[in-house]
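J.: For reference, the structure I am asking about is given below.
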Amino acid sequence: MNITENAIRVLEKRYLAKDENGSCIEDPAGMFRRVAKAVAAADKEYVSEEELKEIEQEFYNMMSNLEFLPNSPTLMNAGRPLGQLSACFVLPIEDSMEGIFESIKNAALIHKSGGGTGFSFSRLRPKGASVNSTGGVASGPVSFMKVFNAATEAVKQGGTRRGANMGILRVDHPDIMEFITCKRDNSEITNFNISVGITEEFMNAVENDEEYNLIDPRTGEVAGTLNAKKVFDVIVDMAWNNGEPGIIFLDRLNKDNVTPELGEIESTNPCGEQPLLPYEACNLGSINLSSMVKDIDNSPEVDYDKLKTVVWKAVHFLDNVIDVNKYPLPEIDEMTRGTRKIGLGVMGWADMLCKLNIPYNSQEAVDLAEKVMSFIQSESRKASIKLAEKKGVFPYYDKSIYKDKDIKLRNATTTTIAPTGTLSIIAGVSSGIEPLFAISYIRNVMDNDELIEVNPIFKKIALEEGFYSDDLMKRIAKKGTIKGFSEIPESVQKIFVTAHDITPDWHVKMQAAFQKYTDNAVSKTVNLANQATREDVYDVFWHAYKTNCKGVTIYRDGSRDMQVLNIGKVK
Ligand code: UDP
């Protein structure tokens, strides 16, 4: 198996099954075997024993070849007692003490199993509103977010991984200003990503520099007005300050809600890629695009035949996951089996572009993004229709928009672009649809030894073209880009661009290209240079709005004390 040392380290830490002494009792191949067997088992009642073995082997092959990987909870928990396989959940929060603490308890159960939770706090009465039973006054959504945050912090230690949350508040909630500024200090509410739930009405008011209404969620009555442009400017200012809040276009999420009869979409999962109804969960999986390039006579091209085969198997796999999954709550079981949403996406996009000699920041790359993703979306739907012929449509089909179109799908949605934070490390490729973060970087290993990690595609070319040296790789790591190194050919400099070589508008164009052919949403961070201005942030938000993105998150380099990835810093 072509798995890197780094990947093995990650797997050993959290993914491989261990005995009571904490020693691993399986290797990566054993993990993929365990997962393949557990997920294939969903076909037991449909196929012969021999066919079942074949399905298991197909699943095993596509994972161990690192062509497709399911989200982390599936790798961790399939075929093991916990059995919770989804990464994404959305829970409702009712405007009552019982409702709020019920939701906290449910979130704790989900975090324990490696899932992330999203919540809308919009139904909670505003700060200062009366509490009938006590005669006191309510403390408002932000104060309760802090309670959710503390609960997540406490569960962290015992869980399979750090619990993550998304907190959303509608822009017309009376407490919106407190929400927008609640993470001004980075050490606050650290277990939450926050996003403002933006409405079309609000965006129109921003455009026309008008006032808009704040609505009391309990009565639906107007509770005040604010100037939309001023509110938008504060959102921009906060995002410029440290990346939060993000924005999410609620009306767009609901325009694409395929089961509106079942309710309204008020939130997404923690990283924003999966809008869900209250109590709905979704399991994700990602195709490694870096492994979908074929080389014919030294001319690389996308291997669409192989991609098609993997899409079909991946849809089969993810659909099976719904059946073998053990859900943490009966309500989640009911909703998730009812809509049977799956989220197939991609990773290794930047690597694929490098192999194809296409710069990320080019129209050619944006056009190819549309072509590849529309292919995946269309094939995944065909695969889902085929599954429905055999196993039936999703149970809430009659409450979906598909019944009028007579499109008999097994899954209410099929595509989502996840961040693939860990999956991309396991597969050893660039994450999600993000550009390369660095060409090389220096990792401190034990005994203060320095290890230079070089992008494998770049390393191959550097060796072939004869400009590789450890010294050069170290200098590249310090600079964070290969721009301006005279020993590297111009043609190579053009292709191997990193997140910081790319202007923000290319980030947004790429996100919009993938979104165009994704049922759910796209996880993407628009990276800005440290010197970027508030106006640059404003432009990114506006560009994302105008190009039909479902939300947008920005990050200005160096704007937080704690930053996951650093360029130019030898650590
Ligand atoms: N997630 C989480 N905790 C984490 C990382 C991820 O709960 O520490 C959830 C969250 O819902 C996120 C989703 O998993 O949106 C997908 O994240 P990613 O693709 O990075 O996960 P991977 O499968 O690569 O671990």
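The values are calculated or read from the model by the stated rules, or taken from the named source; none is laboratory data. These figures come from a predicted structure and were not determined experimentally. So basically every Cβ, Gly included, is an ideal-geometry build from the backbone, and we count neighbours across all protein chains shown. Heavy atoms of the whole protein, side chains included, go into the accessibility calculation; ligands, DNA and RNA do not. Shrake-Rupley method; radii C 1.70, N 1.55, O 1.52, S 1.80 Å.
J.: Of the accessible area of region 186-288, with the probe set at 1.4 angstrom, what percent is carbon plus sulfur?
T.: Working: 1590 of 3600 Å².
The computed percentage sits at 44.
J.: Anything over 25 Å Cα to Cα? Flag those among Lys18/Lys156; Lys306/Lys474; Lys156/Lys326; Lys44/Lys341, in the order listed. The partial results should precede the final answer.
T.: Working: Lys18/Lys156 19 Å; Lys306/Lys474 37 Å; Lys156/Lys326 21 Å; Lys44/Lys341 21 Å.
Among Lys18/Lys156; Lys306/Lys474; Lys156/Lys326; Lys44/Lys341, the Cα-Cα distance tops 25 Å for Lys306/Lys474.
J.: For the chain, what D do you get in µm² per second when you plug the Kirkwood radius from alpha-carbon pairs into Stokes-Einstein at 4 °C and 1.567 mPa s?
T.: On the way: Rh = 24.6 Å.
Calculated translational D: 53 µm²/s.
J.: Go through 320-330, 408-418 and give me the packing order, highest mean Cβ count within 10 Å leading. Kindly include the intermediate steps, with their values, before the conclusion.
T.: Values: 320-330: 19.2, 408-418: 26.4.
Result, highest mean first: 408-418, 320-330.
J.: Report D for region 315-398 in µm² per second (integer): Stokes-Einstein, Kirkwood Rh on Cα pairs, 37 °C, 0.692 mPa s. If you can, show how the numbers build up before the last one.
T.: On the way: Rh = 15.2 Å.
D = 216 µm²/s.
J.: Label-point separation (nm) for Met97 and Lys386, each offset 7 Å from Cα along Cα-to-Cβ?
T.: Distance between label points: 5.6 nm.
J.: Ok, one more. How large is the charge dipole for the chain, taken about the Cα centre, if only the Cβ atoms of Lys, Arg (+1) and Asp, Glu (-1) carry charge, to the nearest 20 debye?
T.: On the way: 66 positive and 81 negative charges, 145 e Å.
The calculation lands at about 700 debye.
J.: Can I ask one more? Based on the Kirkwood radius over alpha-carbon pairs, what value in µm²/s does the Stokes-Einstein equation return for the translational diffusion coefficient of region 157-261 at 4 °C and 1.567 mPa s? Kindly include the intermediate steps, with their values, before the conclusion.
T.: Numbers: Rh = 15.0 Å.
Roughly 87 µm²/s, to the nearest whole number.
J.: If the reach is capped at under 19 angstrom between alpha carbons, list the lysines near Lys127, excluding any in the same chain fewer than eight residues apart.
T.: Counting by Cα, and skipping residues close in sequence, Lys127 has these lysines nearby: Lys146, Lys183.
J.: Per residue, how much accessible surface does the chain expose to a 1.4 Å probe? Answer in Å², no decimals.
T.: Accessible area per residue, the chain: 41 Å².
J.: Turning to a different aspect of this structure: Summarise the accessible area of region 23-146 (1.4 Å probe, protein heavy atoms) by the percent that is carbon and sulfur.
T.: Answer for region 23-146: carbon and sulfur cover 53 percent of the accessible area.
J.: Report relative contact order for the chain in percent, whole number only (criteria: Cα-Cα under 8 Å, sequence separation at least 6).
T.: Numbers: 1140 pairs, mean separation 83.0, N = 571.
Once divided by the residue count of the chain, the mean separation gives 15 percent.
J.: Can you work out the FRET efficiency for the pair Ile407 and Asp19, with r the C-beta to C-beta distance and R0 = 56 Å, to the nearest 0.05? Before the final figure, lay out the partial values.
T.: Details: r = 48 Å, r/R0 = 0.86.
Efficiency computed from Cβ-Cβ geometry: 0.70.
J.: Okay, moving on. Expressed as a whole percentage, what fraction of the accessible surface of region 323-387 belongs to carbon and sulfur atoms when a 1.4 Å probe is rolled over the protein heavy atoms? Don't jump to the answer; show the numbers that get you there.
T.: Details: 1070 of 2120 Å².
Percent of accessible area from carbon and sulfur atoms in region 323-387: 51.
J.: Distance cut-off 24 Å, Cα to Cα: go down the list Lys479/Lys550; Lys255/Lys399; Lys483/Lys509 and report the pairs above it. Write out the running numbers ahead of the final one.
T.: Numbers: Lys479/Lys550 34 Å; Lys255/Lys399 15 Å; Lys483/Lys509 22 Å.
Among Lys479/Lys550; Lys255/Lys399; Lys483/Lys509, the Cα-Cα distance tops 24 Å for Lys479/Lys550.
J.: Okay, next question. What three numbers, in Å, describe the spread of the alpha carbons of region 265-421 along their principal axes, ordered from the longest?
T.: So the extents along the principal axes, rounded to whole Å, are 53, 33, 29.
J.: Right, here's the next one. Between region 255-283 and region 27-75, what is the separation of their alpha carbon centroids in Å?
T.: Here the answer is 28 Å between Cα centres.
J.: Under 8 Å for C-alpha pairs, at least 6 residues apart: give me the relative contact order for region 74-207, rounded to a whole percent.
T.: Numbers: 206 pairs, mean separation 29.1, N = 134.
Relative contact order of region 74-207: 22 percent.
J.: Which of the lysines could be linked to Lys478 by a straight reach, that is with a Cα gap under 24 Å, when you skip same-chain ones fewer than 8 residues away?
T.: Output for Lys478: Lys459, Lys460, Lys494, Lys569, Lys571.
J.: Would you calculate the separation in nanometres between label points at Ser378 and Asp209, each defined as 7 Å from the Cα along the Cα-to-beta-carbon direction?
T.: 4.6
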